[in-house]
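Shown next, in structure tokens, is the structure this report addresses.
Every number here is computed from the coordinates shown, using simple stated rules; none is lab data. Just so we're clear, the structure is a prediction, and the values are computed from it rather than from any experiment. Glycine also receives a Cβ, built like all others from the backbone with ideal geometry; neighbour counts cover every protein chain displayed.
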Amino acid sequence: MNMVSLGSRSFQGRPVAAGRSGTIAALDVGSSKISCFIAKIEPGRMSNGHAPVRVIGIGHQVSRGIRAGAIVDMDAAEEAIRVAVDASERMAGVTIREVVVGFSGAEPKSQTVGVRASITGGEVSDGDLSRLIHHAQANFQPEGRDVMHAIPTNYSVDGSRGVRDPRGMFGEKLGVEVHMVSVLRGPLRNLELCIERCHLSVAGIAVSPYASGLACLVEDEMDLGVAMIDMGGGTTSLAIFFEGAMVYCDSVSIGGNHITNDIARGLSTPLAHAERMKTLYGSALASPSDEREMIDVPQVGESDTDSANHIPRSMLTGIIQPRLEETFELVRDRMEASGYGRLAGRRVVLTGGAAQLNGARELAARMLDKQVRVGQPMRITGLAEATGGPAFSTCAGLLSYSQISPLEAAGAEDDAGQAAATGHFRRFGRWLKENF
């Protein structure tokens, strides 16, 4: 979807009118779990211009049929989505028909498109901005890919760059640089089809690190520059924010599930026990007591507890640390190669389930040579302690994302000649109008 970030001073979206309320639903389709939040839009307005959001229904389910963020078994994925949505509906006492979806697969790719156009009437209006961004979309048609986001990052009026909000300004020529995020068409279509098989409509789709950034970042971080790293089960996603907007995103196909598989193979233990060991005893950094602390490791195919191996905790750390080092090295290389790494400054925020691993923050700080904190959802009430941590950042961020009404979506319904990808924009525009 075309979105301007939560921290943008220029476009914070069109907030819900005071006294209005509605229900929104977010669905995060990940490789390790599928989660669904149903929330109530409360009357009033927060300091960022958005209405308060209170979660009234929560459902989550272990993922099936999804690998590296992409659907590989339609039936299994459909069943898992149905279970998560049903649990959230039962808790909320409502039935949902539309969801805003978080997506971590399909190889997101960032490109910047610059366009210029004459200003009608001399004063910049919302219509001028909408037409200009549509023009940028029309001139960007990547082969085999669909546009997920079209985010204006920099405006110019009569050649004067660095304009944050040109509305109301006078001039003859208006220019804009639009950050286009595209994904592979096949995986995106499969995701939409799977959700439709669950008798749900897709109101909007966001890449996971963008949604996580909306949930976890404070406005100063977005303005000054920050790298958002979302460590999921099948992928680790990256988004760089600067001057209030997401200016770059990427992903690598390594996540927490790869660590679990490494443990299972390295210690010949079942996957379920490998996941348990990672959660209870895993660490990204060694400690002096690791050699003395022993862990029981059941063996694959053995039911007798006497057959379990006894290993020092240092052996487990020796499996986890190299995989995390590889992950952070790949992310660092992507940031440096993109040319946007310098915009992130020295600030990194980790989130996602794998970010909760003991020592992950310290290892990231060492590998990336930056200040690192672990982020979790903010600005949303109603989350229990178990569902308010980093593992649920994307789902929480989708609730914030759903409130941001972009200029692009507002005018997309009038442009019947847009490519098929803009169907996302038209649907989202209609959904915003109907709900808010």
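For the chain, the longest principal axis of the Cα atoms and the long axis of helix 74-92 meet at an angle of about 80 degrees.
For the chain, the longest principal axis of the alpha carbon atoms and the long axis of helix 271-281 meet at an angle near 90°.
Charges were assigned to the Cβ only: +1 to each Lys and Arg, -1 to each Asp and Glu. The resulting dipole of the stretch 110-184 about its Cα centre is roughly 100 debye. Within the chain, the longest run free of GluC sites (Glu not before Pro) that sit in a DSSP loop with at most 11 other Cβ atoms within 10 Å is 173-436. Out of the DSSP beta bridges found with both residues in the chain, what percent are antiparallel (nearest 5)? Around 75 percent antiparallel, to the nearest 5. Rounded to the nearest 5, the antiparallel percentage of DSSP beta bridges internal to the stretch 219-377 is 65%.
Could you state the angle between the C-alpha long axis of helix 313-338 and the longest principal axis of the C-alpha atoms of the chain, as a value from 0 to 90 degrees rounded to the nearest 10? Orientation of helix 313-338: about 20 degrees from the principal axis.
From least to most packed, judged by other beta carbons within 10 angstrom and beginning with the fewest, Ser253, Ser303 follow the order Ser303, Ser253. For the stretch 286-372, the equivalent ellipsoid derived from the Cα gyration tensor has semi-axes of 35, 14, 10 Å, listed largest first. When Rg and the Kirkwood radius Rh are both evaluated on Cα atoms of the chain, their ratio Rg/Rh stands at 1.00. For the stretch 219-377, the alpha-carbon coordinates run over 59, 29, 28 Å along the three principal axes, in decreasing order. Placing +1 on the Cβ of every Lys and Arg and -1 on the Cβ of every Asp and Glu, with nothing else charged, gives the chain a dipole about its Cα centre of roughly 780 debye. Can you give me the relative contact order of the chain as a percent, contacts being Cα pairs under 8 Å and 6 or more apart? Reported relative contact order: 20 percent.
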